[in-house]
Amino acid sequence: MKKYFFPLLTSLALISISCNNNTDDKKETSMKEPVIKTEAITYSAENIKDSLVMDGYIAWDSSITGKRPVVLVVHEWWGMNDYIKRRVRDLASLGYLAMAVDFYGNNKRADNPTDAEKLAGPFYMNPLMAQARFDAALNVVRKYELADTSKIAAIGYCFGGTQVLNMANLGEDLVGVVSFHGGLQVVTPDKAKLKAQVLVCHGGADPFVPAEQVAQFRKQMDSIGAKYTFKVYDGATHAFSNPDATATGEKFKIPISYNPAADTASWNDMKTFFGTIFK
């Protein structure tokens, strides 16, 4: 029997090496870094009477293949800027096809609160105008080969948070929306229209969204049995997710500031929410 012993050991060793190599390959695959591709586009919409050219920004991870859920991102009242583009890339690194939505169009941006209020105000007053801008972006991203059009969500920041809540309440075909420190004076929810699940990420010390507004929002959502989650981050004020907020608040003497803990917690809450709605 001895003459078979050493060949047997050699075979076992080869098998062990092979198994270990396979394990290493699997680890290497699972730890693959995202390769983020971005595309700046312009788009318009037939249902908008005024001559508008909107700037879109799209990102995806090219290291993975196949269709993936879509997340639309609506900017703060400043308009399309680098902060929103960074959030789009962050979403792409999570495996989504993400697109920044330009509500203002024609390269309109604001660098001070007075101009920002002028740009944002009409959309608060006329949610249907906002819906036309949102639909223009939605029609663009749906045409992407990577888009899983059965799984589309939207997130928004401040002004954008209000807008995505309005889009949900107006009956947009979305599986979910997330509002980060958005205002809560929104279109009255209608059980017959609201399809999306809702996550609200709210700063507990936000002076722009008082307790009465929070109570009214929750009362309306509860009255129709809406599927929503309301997260409150203690001590966080308006614009808590934007690292530039503190400097901006000091510059213009407005009560906004960055809160790293709330930023991280709300982003993680969003990821958990997406894990549920995109199943």
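Here, each number is a calculation from the coordinates, and none is a lab measurement. All figures in this text were calculated on a predicted structure; none of them were measured in a lab. FYI the Cβ positions are ideal-geometry reconstructions off the backbone, even for glycines, and counts take in every protein chain you see.
What to note about this one:
- Cβ-based exposure ranking for Thr42, Thr65, in which fewest neighbours within 10 Å come first: Thr65, Thr42
- Label of the coordinate-derived value, mean projected area of the Cα convex hull in nm², listed as [x] 18.5; [y] 19.6; [z] 15.5: [y]
- 24 Å Cα-Cα threshold exceeded, pairs from Lys67/Lys195; Lys37/Lys67; Lys37/Lys143; Lys108/Lys191; Lys118/Lys191: Lys108/Lys191; Lys118/Lys191
- Entry note, the chain: the mean residue ellipticity at 222 nm calculated from DSSP H runs of n ≥ 4, each adding -39500 (n - 2.57), is -14000 deg cm²/dmol after division by the residues and rounding to the nearest 500.
- Among Val214, Val70, Val186, a tally of other beta-carbon atoms within 10 Å of each Cβ gives an order, fewest to most, of Val214, Val186, Val70.
- Stretching Arg86 away from Phe230 to a fully extended chain increases their span by 49.4 nm, per 0.36 nm per residue minus the current alpha-carbon distance.
- Size of the range 140-232 as Cα extents on the principal axes (Å, biggest first): 44, 26, 18
- Rough spin-label spacing in nm, given labels placed 7 Å along Cα→Cβ, for Ser51 and Lys279: 5.1 nm
- Rounded to the nearest 20 debye, dipole of the chain from Cβ charges on Lys, Arg, Asp, Glu: 960 debye
- Local charge for Asn169 was computed over the other residues whose Cβ lies under 12 Å away, with Lys and Arg +1 and Asp and Glu -1, and equals +1.
- The label point for Lys253 and the one for Glu39, both projected 7 Å from the Cα toward the Cβ, are 4.7 nm apart.
- Extension reserve of the Lys32-Asn107 stretch, reckoned as 0.36 nm per residue once the Cα distance is removed: 23.3 nm
- Pairwise label distance in nanometres, Glu212 with Lys67, each label 7 Å out on the Cα-Cβ vector: 4.7 nm
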